[in-house]
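Just below is one structure, and these are the notes that go with it.
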Ligand code: 4AD
């Protein structure tokens, strides 16, 4: 049996100038001035201008050109010609054109302004547009960079369960029936399992979907999002922040190095991203509250910081910042008590600049059995679901730390998109389960 060859993609055409090529894709635009017609094709890798000269092509090809409508699929063959004015620097002098799949005239996304709800209803088509393609290319780059960063540093990539017993962060669990075991819950975090894995492998990270049934209709909340959670044995809270700032600087530099065309498509101000280099300022929560109060915020010591407070804090900086050592009540039960001030815990939130807010939550974990047991009871968590987690403190407890980076919030910041919903192919929001 012969193997079919991979079709030629638009992105490879600049290397084929002077040669014959056949490319397949979808129509984004057509125009004709009698004998000369122009068709713009997109194939997900680029945009190609195809030139059809009526006297130089067969009647079938000219007929096929006339049947083209917005977003129908077609293929073209012809000579690849250099043309500095054309997108991608080349155009195709068409010798043959074939219609593959016609597209009805009422294609929903037309070249005009559409409302966001309409676009989200048509997300399966909206994804075909240049801005969305650019965001998804940057998402892909960031995902690959994440794996490269951890692989190069000797971390083991590992996977934690999606179906869990009552384990996780605070509120907002999605429940589903689980045979005779009662309820199972969709994972809000892989962290607790990550801690067990760190004791087995030293340095690990997870990269998985996480779920929060939070009734938050904000520009930075999804009900299903992707989180990257490293966990490192024998790292304290300071080493944990060193890792976070190296990690985030690496991701930003990687996008700048490899995705400049996508950033241009998004009209991102790259001078802002170029300033993102470690180290990032580390600000104690107590100092942050004092700064906020001076700036007119009503926040009181003991409260978590809201989006507006976060924006007030980052406005003085060009890099992300850490806010460290929050009050115990404002944070999760597993964070280690701060020996210097037991009202607080050894944790950090990383806030992105330009008002994008929290992209990372991290902490050193409570490694003292009695203190952890006390916190579990204080929070009225079901002890039986946490017995294995407590065991980690009973058999060879160890200083360890980790963090969770929200993938879509990071993409939103790097791309400069105002809302997180454009940063995942099919967003799940409180009021949106389709398409
Ligand atoms: O601060 P969070 O809740 O931390 C954890 O889940 C820890 N278990 C992580 C760890 O230490 N291993 O969430 C971490 C990050 C946030 O900073 C944010 O970027 C993202 O996850 N995030 C959300 N992203 C989109 N939609 C939501 N509803 C999110 N909730 C959290």
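The values are calculated or read from the model by the stated rules, or taken from the named source; none is laboratory data. If you're wondering where the values come from, they're calculated on a predicted model, not measured in any experiment. Here Cβ is always computed from backbone atoms with ideal geometry, including for glycine, and neighbour counts include all displayed protein chains.
Take the residues in the stretch 97-118 that are more than 28 Å from the chain's Cα centre (by Cα) and touching a residue at least 40 places away in the same chain (Cβ under 8 Å), then tell me which one is surrounded by the most Cβ atoms within 10 Å (Cβ to Cβ). Among them, the one singled out is 97.
If you filter the stretch 398-411 down to residues that are in a helix (DSSP H, G or I) and near the ligand (Cβ under 9 Å from one of its atoms), you find that the one that is farthest from residue 242 (Cα to Cα) is 408.
Restricting attention to the stretch 166-176, does a residue exist that is at negative phi, without any contact (Cβ under 8 Å) to a residue 24 or more places away in the chain and surrounded by 13 or more Cβ atoms within 10 Å (Cβ to Cβ)?
Kept after step one, since they are at negative phi, are these residues of the stretch 166-176: 166-167, 169-171, 173-176.
After this cut, where a residue has to be without any contact (Cβ under 8 Å) to a residue 24 or more places away in the chain as well, the list is 175-176.
The next check asks that each one be surrounded by 13 or more Cβ atoms within 10 Å (Cβ to Cβ); those that pass are none.
Checked the stretch 166-176: no residue is at negative phi, without any contact (Cβ under 8 Å) to a residue 24 or more places away in the chain and surrounded by 13 or more Cβ atoms within 10 Å (Cβ to Cβ).
For the stretch 290-313, what are the residues that are within 15 Å of residue 351 (Cα to Cα) and either touching a helix residue (DSSP H, G or I) at 6+ places or on another chain (Cβ under 9 Å) or crowded, with 21+ Cβ neighbours inside 10 Å (or both)?
Pass one, the stretch 290-313, residues within 15 Å of residue 351 (Cα to Cα): 292, 304-313.
Matches in the stretch 290-313: 292, 304, 305, 309, 310, 312, 313.
Across the stretch 213-220, a minimum of one residue is classified as touching a residue at least 60 places away in the same chain (Cβ under 8 Å), under 28 Å from residue 163 (Cβ atoms) and within 14 Å of the chain's Cα centre (by Cα).
If you go through the stretch 292-314 and keep only what is under 24 Å from the mean Cα position of the chain (by Cα), farther than 24 Å from residue 246 by Cβ and within 16 Å of the ligand (Cβ to nearest atom), you end up with 305, 306, 307, 309, 311.
One line per residue, one yes/no per condition, for (1) at pLDDT 95 or above; (2) more than 9 Å from the ligand (Cβ to nearest atom); (3) surrounded by fewer than 22 Cβ atoms within 10 Å (Cβ to Cβ):
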position	(1), (2), (3)
209	yes, yes, yes
213	no, yes, yes
224	yes, no, yes
231	yes, no, no
236	yes, yes, yes
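Quick check on this structure: which one of 289, 270 is away from the ligand (no atom under 16 Å from the Cβ) and more than 30 Å from residue 379 (Cβ to Cβ)? So that I can check it myself, show each step before the final result.
On the way: 289 fails: more than 30 Å from residue 379 (Cβ to Cβ).
Going through 289, 270 in turn, the sole match is 270.
Which of the residues spanning the stretch 374-391 are farther than 21 Å from residue 163 by Cα, assigned to a helix (DSSP H, G or I) and within 15 Å of the ligand (Cβ to nearest atom)? Within the stretch 374-391, 375 is the sole residue that qualifies. Right, residue 425: surrounded by fewer than 14 Cβ atoms within 10 Å (Cβ to Cβ) and under 21 Å from residue 209 (Cα atoms) or not? Here the answer is yes, as residue 425 does meet what is asked. Just so you know, in the stretch 140-158 the residues that are touching a helix residue (DSSP H, G or I) at 6+ places or on another chain (Cβ under 6 Å) and within 19 Å of residue 233 (Cβ to Cβ) include one that is surrounded by the most Cβ atoms within 10 Å (Cβ to Cβ), and it is 149.
Each residue in the stretch 159-170 was checked for being within 13 Å of the ligand (Cβ to nearest atom) and either part of a loop (DSSP other than H, G, I, E, B) or out of contact with any helix residue (DSSP H, G or I) (no Cβ under 9 Å at 6 or more places or on another chain) (or both), and 5 of them qualify. Screening residue 416 against (1) free of Cβ contacts under 8 Å to residues at least 24 places away in the same chain; (2) more than 16 Å from the ligand (Cβ to nearest atom); (3) under 30 Å from residue 142 (Cβ atoms) leaves a single unmet condition, (1). Only one of (1) assigned to a strand (DSSP E or B); (2) modelled with pLDDT of 95 or more is not met by residue 32, so which one is it? Unmet for residue 32, out of (1) assigned to a strand (DSSP E or B); (2) modelled with pLDDT of 95 or more: (2).
Only a single criterion out of (1) within 30 Å of the chain's Cα centre (by Cα); (2) at pLDDT 95 or above; (3) not in a strand (DSSP E or B) is not satisfied by residue 6, namely (2).
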